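A short worksheet on the structure shown next.
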Amino acid sequence: MLLSAFRRRYLDLLGSIYIYNEHRGYTSIDRVLEAVRVRAPHDHALIAAIEKHRADERKHYQMFKRWFELQGRMPLTVDRTCGHIDRFVEIMFRRPIDALDTQKLIEDDAQFEKLCRVISLTEQRGHRQVHILLNHPAVLSDKVLTRIFRIIEKDEPSHWAPYDGWLRAHGKREPRWWERAVDTFIHSELLFVKLPFLFLNPLVRRRTDWADDGERLHPVQVPAAA
């Protein structure tokens, strides 16, 4: 049926975008951890909270990876244009994540403060989006995927907490309207431009490898269907 085909295509693309963002998330947090461990080596609570954030992102990536494996197919190929944190960092720092100067994050409070706000806004946006997806009929039709998103929904609030906590503890300002507007623009761009384009583009190929190939990751089980 046409409706079933549309649903499968939508979920395929949704999973592909999420698995990209989860992998991008935990690999990018390594740079944050590097900066924090030098800036505040004795702030064990902050370091532990960011380490948990990284571990959760990696867990989410593995769950999506296993979801694809169980279906016998690879994710569709998406790149940093579909990455919320990629786009946010590029707009705010005028350079890709991989080109961020870790030494400046260590030495310059203003740079680290800006990154904390970017991460916090990205995580809060992700939490709101998961709420929406958990009310989407296509997502609810896949019980395993629904369970994955419920786990993400539970994990997310602890992800922006350490960055907001650092900002408050150091007397830094909250995000301004224009920073929130950038976050909204990036989300709208993905939702109304990139997602429809990828959905309708038959030339989008599947990955031939996993983003974590070469990493030493402990296996994780996909949540059992309800």
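Here are the numbers:
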quantity	calculated
For Arg58: the one exception among (1) assigned to a helix (DSSP H, G or I); (2) in contact with a Lys or Arg (Cβ under 9 Å, 6 or more places away or on another chain)	(2)
Total residues in segment 76-100, condition part of a helix (DSSP H, G or I), touching a Ser or Thr at 6+ places or on another chain (Cβ under 9 Å), open to solvent by 30 Å² or more (accessible area, probe 1.4 Å) and touching a residue at least 60 places away in the same chain (Cβ under 8 Å)	1
Positions within segment 63-75 being touching a residue at least 24 places away in the same chain (Cβ under 8 Å) and either surrounded by fewer than 22 Cβ atoms within 10 Å (Cβ to Cβ) or assigned to a loop (DSSP other than H, G, I, E, B) (or both), in sequence order	Arg66, Trp67, Phe68, Leu70, Arg73, Met74, Pro75
Any hit, segment 10-22, residues being open to solvent by 40 Å² or more (accessible area, probe 1.4 Å) and free of Cβ contacts under 8 Å to residues at least 60 places away in the same chain	no
Among (1) in contact (Cβ under 8 Å) with a residue 12 or more places away in the chain; (2) surrounded by fewer than 19 Cβ atoms within 10 Å (Cβ to Cβ) - the single one Asn135 does not satisfy	(1)
Residue in segment 115-123 that is under 25 Å from Phe68 (Cα atoms) and open to solvent by 30 Å² or more (accessible area, probe 1.4 Å) present	no
Checklist (1) free of Cβ contacts under 8 Å to residues at least 40 places away in the same chain; (2) open to solvent by 40 Å² or more (accessible area, probe 1.4 Å); (3) under 23 Å from Val130 (Cβ atoms) applied to Asp30, failing item	(3)
Out of Ala161, Ala169, sole residue that is of a type in the set (A, V, I, L, M), touching a residue at least 12 places away in the same chain (Cβ under 8 Å) and open to solvent by 40 Å² or more (accessible area, probe 1.4 Å)	Ala161
Subset of segment 138-153 [assigned to a helix (DSSP H, G or I), open to solvent by 60 Å² or more (accessible area, probe 1.4 Å) and in contact (Cβ under 8 Å) with a residue 12 or more places away in the chain]	Lys143, Arg147, Arg150
Qualifying residue in segment 33-47 (condition: closer than 23 Å to Gln111 by Cβ, open to solvent by 10 Å² or more (accessible area, probe 1.4 Å), within 14 Å of the chain's Cα centre (by Cα) and without any contact (Cβ under 8 Å) to a residue 60 or more places away in the chain)	no
Index of the failed condition, Gly126 passing every other in (1) within 23 Å of Ser4 (Cα to Cα); (2) buried (at least 18 other Cβ atoms within 10 Å of the Cβ)	(1)
Matching residues, segment 172-191, being acidic (Asp, Glu) and either loosely packed, with under 15 Cβ neighbours inside 10 Å or over 16 Å from Val89 (Cβ atoms) (or both)	Glu174
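Let's see how each residue does on (1) modelled with pLDDT of 90 or more; (2) assigned to a helix (DSSP H, G or I):
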{"residue": "Arg9", "(1), (2)": "yes, yes"}
{"residue": "Arg24", "(1), (2)": "yes, yes"}
{"residue": "Arg31", "(1), (2)": "no, yes"}
{"residue": "Val36", "(1), (2)": "yes, yes"}
{"residue": "Pro41", "(1), (2)": "yes, no"}
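The values are calculated or read from the model by the stated rules, or taken from the named source; none is laboratory data. This structure is a prediction, so every number in the text was calculated from the model and none was measured. No Cβ is skipped: glycine too gets one built from the backbone with ideal geometry, and neighbour counts run over all protein chains shown. These area figures cover heavy atoms from the full protein model, side chains too; ligands, DNA and RNA do not enter into them. Shrake-Rupley method; radii C 1.70, N 1.55, O 1.52, S 1.80 Å.
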